[in-house]
Every structure is written in C-alpha cells, then in structure tokens.
Amino acid sequence: MFAEVVFPNKFRNPFTYSIPNELEERARTGMRVLVPFGKRYMTGFIIQVKEENNVEEKIKDIVDILDPKPIFTTESLKFYQWIASYYLSSLGEALKNAVPQGLDVETKRKIVADTDFCRELFEEEKPGTVKAAILSVLSEKEEIKLSQLQRLVKRQSIYSQLRSLQEAGAIEIIDELAGAKVRVKMQKFVKLGLPESEVFEKLPELEAKSEKQVPIILELLGRSEKEAALTELKEKLTLSDSPFKTLAKTGLIAIYDKEIVRTHEEEYNEEEKKLTITQQQQLAVNSVKAKTEPFDFEVFLLHGVTGSGKTQVYIELTEDVLSKGKNVLILVPEISLTPQITARFLNRFGDKVALMHSKLSLGERYDTWRKILAGKFNIVIGARSALFAPLDNIGLVIVDEEHDSSYKQNDLPPKYNARDAAIMKANMEKFPILLGSATPSVESMYNAETGKYKLLELTERIDNARLPEIKLVNVSVEQKLKKMENIFSRQLLNAIEDRIKKNEGVILLQNRRGFATQIYCEDCGEIEMCPNCSVSMVFHVHKNILQCHYCGITKKPPKGCSKCGSVELKYFGTGTQRVEDELEYFIPEIKLERVDSDSINRKGELGKILNRFREGETQVLVGTQMVSKGLDFANVTLVGVVSAETSLWMPDFRSDERTFQLLTQVSGRAGRSEKPGLVLIQTRDDSHFVLQKVVQNDYPGFYKREIALRKESSYPPFSRLCVIEAKDSKKENVMGGLQEFYNLLMQWRKYIDVHPPAPAVIEKVKNIYRYNILIKSYKDIDPSGKILREAVQESWIEFNKLNRYRELRVTIDIDPQSML
Ligand code: ADP
Ligand code: ZN
Ligand code: ZN
C-alpha cells in the first residue's frame with residue numbers, strides 16, 4: 001500500500017510513501033504521519049491511500065502514524081482543497097489549520113562544533129563573509145541549534161558553508177527527533193481495589209497492622225466518586241508514596257493513570273434573562289428555519305441595529321438546529337473580547353458548548369479540540385480558526401459581526417477570510433449560514449441587494465429603547481470659544497460628571513493606546529522614529545518609556561531632540577493613557593478602568609473589568625476599539641469619542657467604511673434600556689460625510705454613497721483584489737524581486753490590471769522592507785476570479801525558478817482586508 005502525503009510548507013505537490021505492513025491497518029486518509037524527507041523527518045498529512053504506485057524513484061517508508069483517528073475526512077478534504085486553490089496556498093498549508101498548535105513532530109538539526117578548530121579557521125577566513133560569521137559563533141559555542149545559528153548570522157541559507165565545514169571536520173551536523181509540544185495530560189489516581197463490603201471486612205486486620213494505611217481507605221470510602229488524585233491524597237493525609245504502594249500490592253486499592261482534561265474558566269458571567277422573542281426576531285428566525293427543513297444552503301444577512309437582540313436570534317436558531325440533531329458553529333471576531341455573547345450561550349446550553357479561545361493554553365486548546373473530535377460538543381464558539389474545528393454534522397453556521405476585519409487571516413498562508421470560507425463550507429455541506437451585523441460590510445450588503453444573500457432586518461431596539469442621540473463636537477470651534485480643557489471639550493466633561501453623579505455608566509473611545517503618539521521637536525520638526533520601523537515612537541506614561549507598536553522595542557524618552565539637541569520637545573497625539581490621566585485630573589473622584597491591549601494582556605482580565613463595570617464598581621471605561629464590540633450594559637447612557645480622526649484619513653479604500661462601523665458600533669453601546677443615551681463625538685471636521693451619516697444613524701445613506709464610489713473606482717465588490725507582498729532586509733532585493741514578479745504578471749495584462757511595485761504604507765517594520773504589487777481583476781471579464789488566480793499562480797511558479805530571489809519572502813493575499 002502507498003500513501004500520498006502533503007506537507008505544511010509551500011511545496012505544491014504530494015509525495016508518495018510506502019506503508020510498511022505493521023502500519024497498514026491504521027493508515028487512512030486524514031491522518032498525520034512522520035516520514036523521512038531528505039535528511040530529516042517531517043510531519044505530513046495522508047490525503048490518499050492507494051494500492052498502485054506509478055512513481056519510478058525509490059520510495060521511502062512511513063515511519064509512524066501520529067493520530068489514533070483521522071483529523072479530517074475525505075469530505076472535508078474538499079473544503080481544504082478549495083481554500084488552498086482560492087487563496088493560493090499549498091494544500092498542506094491549508095491542512096495545517098486542521099491541527100491544534102504544538103502537535104508537530106519534526107527533526108531539529110543541531111550543530112556540534114570543534115571550537116578550537118573553528119577558531120583557527122576563523123582567523124584564516126576573510127572577515128565579513130558569511131563563513132566568518134558562522135565560524136565566529138562556532139568558536140564560542142560547542143552545541144547550537146541550526147535555527148539559532150541562522151538567526152545569529154542573520155541568514156537562512158548557510159547549508160553550503162556548513163557542508164564544507166563538516167567535510168573539513170570542524171563540525172558535526174546531527175538530527176534529533178523532537179516530540180510534540182502538547183500531550184494528553186495523565187495523572188495518577190487511586191480507588192478501592194475491592195467491593196466496599198470486602199474492604200470493610202479487612203479493616204480490623206489492617207488497623208492492627210498499620211496506622212498509615214487505614215486513613216487512605218477511610219478517605220476513599222468517604223468520597224462519593226470513590227476515587228481521588230494520588231497527589232491530592234498524599235498532601236491531605238501527609239503521607240509518602242509507600243503506604244499507597246503497600247496497599248496496592250495487597251489489592252485493597254488500585255493506582256491507575258487517568259486523563260486530566262484541561263479546561264478554561266470564563267471570568268465574565270451574568271444571570272440568564274427569560275425573554276419572549278419579539279415579532280421581528282421571530283420573523284428572522286422563521287426565515288432561517290425554512291432552510292433547516294430539510295437543510296439547504298442559503299446565505300442570510302441579519303442587519304439589526306445595535307441593541308436589537310441579534311444574540312437572541314442566534315440562540316433560538318441554535319436551539320432549533322440542535323433539536324433537529326445537528327450541530328452549530330458560531331464565529332465571533334475575537335472571543336476573549338466578546339465575553340457577553342459567550343456567557344449567554346453558556347447560560348443556555350451549558351456543557352454542550354466548546355470555546356476556542358486565543359487565551360487558551362496549548363494544553364487547554366488540545367483537550368478541547370480532542371473532545372470536539374470525539375463528538376462531545378454540539379456547539380463550537382470561536383474566532384476565525386474555529387472554522388477548522390473538527391465539528392461534524394453541522395446544520396448552521398453563524399458569523400457574528402460579519403464586517404469585522406479580524407475574520408481575515410493576515411500572517412500565514414493561506415490568508416483566508418473565515419466569513420467567506422464559511423459560506424463556501426455551507427455551500428459544500430448544504431446548510432444555511434447567518435451573517436449578523438449592525439453595520440454590514442459593503443460587500444455583504446451588495447450581495448443582499450442583488451439577491452445573492454437574503455436580507456433579514458431588525459429595525460428596532462428591544463423594549464422600545466431608542467437609538468441614542470448622537471452629536472458632533474467641533475473641537476476647532478470649541479477651542480476658539482475657549483471651551484476646551486486640553487483634549488476634552490467642556491461639553492464632554494460636563495456630561496461625564498453628570499453621569500457619574502447619577503450613577504450611570506460611561507464608555508469613552510480613543511482608538512490608540514499609549515499616552516502621546518508622537519514626540520515632535522519644535523525647532524527642527526524632527527519626530528522621534530523607531531530605528532527599525534518607519535513609524536513614530538509612542539510615549540507610555542506609566543512606565544515612562546517610548547515604545548514602537550510594530551516591533552515592540554522600547555527606550556527612555558529623550559531629554560533633547562535626537563537631531564538638533566533642542567529641548568523644545570512637544571508631545572503630540574492622544575492615546576488611551578492620556579485620556580485616563582486627564583480624566584483623573586479633571587474629575588478626581590472618578591472610578592475608571594482602561595481597556596486596551598496594554599491592560600488586557602492577562603487571562604480573563606477583560607472579564608473581570610466587565611464584571612466590575614456591570615456591578616457599578618467602575619463607572620467609566622476608557623478604551624480602544626475593544627470597547628466598541630458587542631458590550632450590552634443597560635446602565636450606559638453616555639458614549640464619548642475623544643477624536644474621530646484616528647481612523648479617518650487612512651490611505652485605504654475601506655477607511656470610510658471602517659470609521660462608519662467603528663463609530664456606529666461604539667455609539668450603539670449607549671441607551672440600551674429605558675434611560676436615553678447620548679453620544680458625543682469630538683472632531684475637527686464636523687461636516688465630513690461619514691460623520692454626518694453616523695449622526696443620522698443612516699446606514700442606507702452611507703451604503704448608497706459608498707457603493708457608488710466603489711463602482712466608480714472599480715473596487716470590491718466590483719473587482720477582486722490581490723496583493724503580492726515581498727519582504728527582505730535589503731531594499732534592492734525587495735524592489736528587484738518584485739519587479740521580476742511584475743514582469744511575469746504583465747503577460748496577463750489583457751485580463752487583469754497590474755500596478756507597478758510600490759512601498760507599503762509602512763515601508764519598514766523590524767528593519768524589514770515591505771513592497772507590494774496590487775492586482776485588480778474585473779468582475780465582468782473574470783467573474784469567478786479564475787483568471788486572476790491562474791495568473792498569480794503561474795507567475796509565482798516562474799518566479800520561484802529564479803534563483804536570485806530565493807531569500808525573498810513573497811506572500812499572496814487574495815481579497816486583502818487592508819492595503820496598509
Ligand atoms: P445586539 O447584539 O443586537 O446589539 P443584544 O443581542 O446584545 O443586541 O441584545 C440587547 C439586549 O436585549 C440584551 O440585553 C438582551 O438580553 C435583550 N433582549 C434580546 N431579545 C429580547 C426579547 N425578545 N425580550 C426582551 N429582551 C431581549
Ligand atoms: Zn530638533
Ligand atoms: Zn519598530
């Protein structure tokens with residue numbers, strides 16, 4: 001028997017391995033295997049088992065099978081194949097998403113050096129060469145991992161140098177098999193070894209013999225579950241191992257291994273409300289239900305204003321689908337940031353629900369994943385990667401806040417969009433999918449308008465709550481009237497003070513973290529920049545440091561300008577810390593907490609902050625866009641936006657859309673009960689179209705102009721975009737490489753628009769230069785994007801044959817979310 005195996009790297013073709021007799025029984029499609037590859041061992045996926053083999057070369061044996069049962073089926077393989085072909089990754093890269101992190105088994109290469117010999121060679125070598133750099137490291141270190149050496153000499157391809165050093169006898173290259181990082185967690189447990197009555201009979205005899213063994217028996221008899229963890233018992237009874245061992249020998253107790261399932265405790269909790277569903281909610285539920293009897297594919301777009309009770313629609317539908325014997329997958333933007341929807345599902349469905357968190361430890365993630373695979377859950381809630389959870393028999397997928405850009409995978413290939421891929425999955429497996437949002441993406445609304453999706457609307461807030469009143473505060477005008485107190489208008493400050501007196505909640509948005517976002521020299525105009533990235537350093541007042549938000553490096557704030565030495569330094573731009581600081585200055589009695597990635601890095605921290613906010617222990621939340629997502633607190637009557645400008649004016653065709661969404665979403669946190677809500681948005685440009693539409697709560701008006709603009713300039717949904725990005729530490733490499741790529745793509749210019757290579761908006765991050773090619777393909781010429789994919793794929797293959805640019809990192813992004 002033979003197996004076709006693909007690898008989680010950029011190789012496009014499968015490789016054939018033979019299955020040794022002893023593994024033949026177990027080898028099946030969907031399992032991970034360990035196989036020799038060149039001089040090392042790699043983990044791959046079996047995508048086919050077959051009897052014939054038509055490969056001529058010598059075929060190697062599979063070394064081991066790593067899974068007890070398949071982690072994907074022949075059926076779901078089709079889904080991964082679609083992902084790979086649409087987002088132009090290899091199949092193995094797509095399948096990597098099916099496996100929880102930390103399960104890879106691979107060989108780690110290490111180098112053992114004769115340091116004295118290396119030092120001799122180093123002294124003979126011409127300084128400045130790669131070989132000299134390698135030798136300088138190896139004359140100090142006797143043992144080093146290959147990857148570490150590569151990092152130290154800042155170069156990937158050092159094999160030829162290493163080979164010649166090995167031939168010279170200066171080093172030895174050794175392969176070590178490194179096991180998976182996560183394992184099933186086992187613990188020793190103790191239980192009675194005989195039926196209770198027999199144990200009682202033996203007690204007197206035991207009492208006479210040993211006083212240490214009796215308490216163990218009594219303890220076990222006293223437990224309702226009749227078992228206990230060994231370590232726990234030892235601690236409780238202050239005993240060593242030996243009385244346990246003796247007892248086990250006599251058969252009175254048994255010691256055995258038991259799996260410990262690692263679970264994550266949610267910090268946020270609230271009481272379940274009993275609700276009767278409203279008529280509008282019922283209509284939405286009924287429309288989707290129609291596609292569950294029998295189950296069939298259809299995309300529904302639920303456009304419900306903020307506070308219209310979308311979560312309840314999700315819950316009702318989930319209940320219905322479960323009652324029909326199918327499972328439900330729920331995607332949310334970032335689960336640790338949306339504890340309320342999670343809490344509501346847990347209240348209603350309890351341990352039927354699995355959560356896939358970014359905050360889970362590797363072990364917790366692995367255990368949850370295995371329980372899903374074993375069919376122990378009916379509902380999976382998670383961020384984009386939950387799309388690949390091994391939940392079978394799905395009857396409905398819900399994508400909450402479908403407009404959110406975090407559904408797009410941005411770092412590793414395939415750069416998939418979980419919302420779009422979920423639609424494809426629903427289409428393949430024939431079940432309905434529900435996309436929900438108060439501010440649908442322009443693409444989804446266009447699909448609803450043209451009849452591709454079915455539009456469902458919730459136009460009213462629950463309990464007759466009114467949408468908040470939204471006002472713009474023009475800070476330039478207020479400044480002239482002397483009504484500004486630093487970053488705050490008197491109006492906003494007064495409103496905050498008023499709410500605090502009335503014991504009502506306040507949410508303030510400032511979409512930048514840190515204190516000041518720029519340090520600027522008044523004499524020469526110099527801005528303190530990050531030495532590694534083309535962005536300015538951000539001042540963090542609590543730690544008194546400057547930090548780069550791209551590479552993370554920090555330094556002390558300068559005493560004078562680093563260019564001219566002048567001490568006339570100004571701190572510009574406002575971050576959340578400054579908002580916090582100034583509020584505490586103007587309103588000393590304020591009870592405030594900050595919500596941004598600086599304050600929320602610990603597990604469950606947001607849940608705790610929200611618990612305190614709900615209880616009224618905290619009155620004001622100040623935060624980045626984290627405070628705009630889904631928060632539902634009846635007591636919040638005021639929302640303030642310190643500066644609307646932080647997201648307008650980004651050089652991206654989606655910046656208006658993002659601004660509209662962010663401001664509408666954060667406004668929606670106010671006035672969610674009988675108490676009316678007020679939103680104050682500070683801006684320098686109160687006539688801006690987007691802000692006007694936010695104030696008027698006019699999604700249709702915003703959409704109408706936006707879709708016209710998209711059409712005029714042929715942006716999505718009227719075209720399909722692809723960005724080819726190249727990165728390298730040498731600017732000439734990036735530019736030269738991309739120019740070659742561009743020339744290859746230009747052969748397709750009859751069908752697609754190819755823009756010449758240009759630096760990314762942030763040209764340098766961590767000393768790595770980033771350049772892009774933007775490709776547009778028009779829906780009338782290339783409706784399915786097939787030509788675009790073929791053009792890029794072909795060019796990419798040709799490009800890879802050019803040896804000159806082997807070091808260049810090139811990535812392909814189909815349907816990019818951001819052009820930054
Ligand atoms: P959205 O996600 O649409 O902004 P939520 O789902 O958070 O809104 O619902 C807003 C509030 O309305 C929640 O507190 C929820 O408990 C409540 N709610 C939802 N449906 C009903 C209903 N049918 N009757 C009473 N209250 C409801
Ligand atoms: Zn200066
Ligand atoms: Zn930096």
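The values are calculated or read from the model by the stated rules, or taken from the named source; none is laboratory data. As the structure is a computational prediction, the values presented were derived from the model and not from experiment. Heads up, the Cβs are rebuilt from the backbone with ideal geometry, glycines too, and the neighbour counts pull from every protein chain shown. These area figures cover heavy atoms from the full protein model, side chains too; ligands, DNA and RNA do not enter into them. Shrake-Rupley method; radii C 1.70, N 1.55, O 1.52, S 1.80 Å.
Every test in (1) within 16 Å of ligand 2 (Cβ to nearest atom); (2) under 27 Å from G304 (Cα atoms) is passed by L458 save one, and that test is (1). Cβ-Cβ contacts under 7 Å between residues 6 or more apart (or on different chains), taken from a first residue in the stretch 545-557 that is of a type in the set (S, T, N, Q) to a second residue that is within 16 Å of ligand 2 (Cβ to nearest atom), are listed as Q547/M537; T554/L546.
Results for (1) assigned to a loop (DSSP other than H, G, I, E, B); (2) at pLDDT 95 or above; (3) at positive phi, shown as yes or no for each residue.
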{"residue": "S406", "(1), (2), (3)": "no, no, no"}
{"residue": "P414", "(1), (2), (3)": "yes, yes, no"}
{"residue": "R419", "(1), (2), (3)": "no, yes, no"}
{"residue": "A422", "(1), (2), (3)": "no, yes, no"}
{"residue": "M428", "(1), (2), (3)": "no, yes, no"}
{"residue": "I433", "(1), (2), (3)": "no, yes, no"}
{"residue": "G451", "(1), (2), (3)": "yes, yes, yes"}
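Of all residues in the stretch 303-338, those being open to solvent by less than 10 Å² (accessible area, probe 1.4 Å) and in contact with an Asp or Glu (Cβ under 8 Å, 6 or more places away or on another chain) number 7. For the stretch 502-517, the condition of being at pLDDT below 90, within 16 Å of ligand 2 (Cβ to nearest atom), surrounded by 16 or more Cβ atoms within 10 Å (Cβ to Cβ) and assigned to a strand (DSSP E or B) holds for none of the residues.
Are there any strands (runs of 3 or more DSSP E) wholly within the stretch 753-820 with 1 or more residues that are among the polar types (S, T, N, Q), in contact (Cβ under 8 Å) with a residue 24 or more places away in the chain and closer than 29 Å to Q150 by Cβ, and if so which? Write out each step before concluding.
On the way: elements: 758-765, 768-778, 809-814.
Of the strands (runs of 3 or more DSSP E) lying wholly inside the stretch 753-820, those with at least 1 residues that are among the polar types (S, T, N, Q), in contact (Cβ under 8 Å) with a residue 24 or more places away in the chain and closer than 29 Å to Q150 by Cβ span 768-778, 809-814.
Restricting the stretch 520-544 to residues that are among the polar types (S, T, N, Q) and in contact (Cβ under 8 Å) with a residue 40 or more places away in the chain, the residue that is farthest from ligand 1 (Cβ to nearest atom) is N532.
Out of the stretch 580-599, which residues are more than 22 Å from E485 (Cβ to Cβ) and either polar (S, T, N, Q) or in contact (Cβ under 8 Å) with a residue 40 or more places away in the chain (or both)?
Within the stretch 580-599, D596, S597, D598, S599 meet the criteria.
Inspection of the stretch 503-510 finds no residue satisfying the criterion of being more than 16 Å from ligand 1 (Cβ to nearest atom) and over 26 Å from P339 (Cβ atoms). Would you check if there is a residue in the stretch 595-613 being hydroxyl-bearing (S, T, Y) and part of a loop (DSSP other than H, G, I, E, B)? Within the stretch 595-613 (the criterion being hydroxyl-bearing (S, T, Y) and part of a loop (DSSP other than H, G, I, E, B)), the answer is yes, since at least one residue qualifies. Looking across the stretch 545-561 at every residue that is of a type in the set (A, V, I, L, M) and either in a strand (DSSP E or B) or within 16 Å of ligand 1 (Cβ to nearest atom) (or both), the one that is farthest from C521 (Cα to Cα) is identified as I545.
Go over the candidates F72, F45, F79 one by one and state the one that is in a loop (DSSP other than H, G, I, E, B), of a type in the set (F, W, Y) and modelled with pLDDT of 90 or more.
Sole residue among the options that is in a loop (DSSP other than H, G, I, E, B), of a type in the set (F, W, Y) and modelled with pLDDT of 90 or more: F72.
Being in a loop (DSSP other than H, G, I, E, B), touching a Lys or Arg at 6+ places or on another chain (Cβ under 6 Å) and buried (at least 16 other Cβ atoms within 10 Å of the Cβ) is a condition met by at least one residue of the stretch 264-284. Among the residues of the stretch 312-338, those that are part of a helix (DSSP H, G or I) and modelled with pLDDT of 95 or more comprise Q312, V313, Y314, I315, E316, L317, T318, E319, D320, V321, L322, S323. Sub-6 Å Cβ pairs linking a first residue in the stretch 741-752 that is open to solvent by less than 30 Å² (accessible area, probe 1.4 Å) to a second residue that is in a helix (DSSP H, G or I), at least 6 apart or interchain, are F741/F799; L745/S795; I752/L788; I752/A791, ordered by first then second residue. Each residue in the stretch 523-557 was checked for being within 16 Å of ligand 2 (Cβ to nearest atom), open to solvent by 60 Å² or more (accessible area, probe 1.4 Å) and within 24 Å of F488 (Cβ to Cβ), and 0 pass. Inclusion of I253 among residues that are more than 16 Å from ligand 1 (Cβ to nearest atom), surrounded by 21 or more Cβ atoms within 10 Å (Cβ to Cβ) and among the hydrophobic types (A, V, I, L, M, F, W, C) is warranted. Do you know which of the residues in the stretch 183-203 that are part of a loop (DSSP other than H, G, I, E, B) and of a type in the set (A, V, I, L, M) is nearest to the chain's Cα centre (by Cα)? Within the stretch 183-203, the match that is nearest to the chain's Cα centre (by Cα) is V184. Inspection of the stretch 558-579 finds no residue satisfying the criterion of being away from ligand 2 (no atom under 14 Å from the Cβ), open to solvent by less than 50 Å² (accessible area, probe 1.4 Å), in contact with a Leu (Cβ under 7 Å, 6 or more places away or on another chain) and over 18 Å from F515 (Cα atoms).
Scanning the stretch 174-218 for residues being open to solvent by 20 Å² or more (accessible area, probe 1.4 Å) and of a type in the set (V, I, T) gives a total of 2.
Looking across the stretch 260-293, the residues that are more than 16 Å from ligand 1 (Cβ to nearest atom), modelled with pLDDT of 85 or more and touching a strand residue (DSSP E or B) at 6+ places or on another chain (Cβ under 7 Å) come down to S287, K291, T292. Starting from residues that are in a loop (DSSP other than H, G, I, E, B) and open to solvent by less than 20 Å² (accessible area, probe 1.4 Å), keep the ones in the stretch 144-173 and report whichever is modelled with the lowest pLDDT. The extreme case among them is I158. For the stretch 580-603, a residue qualifies if it is buried (at least 17 other Cβ atoms within 10 Å of the Cβ) and either modelled with pLDDT under 85 or within 16 Å of ligand 1 (Cβ to nearest atom) (or both), and the qualifying residues are D598, S599, I600.
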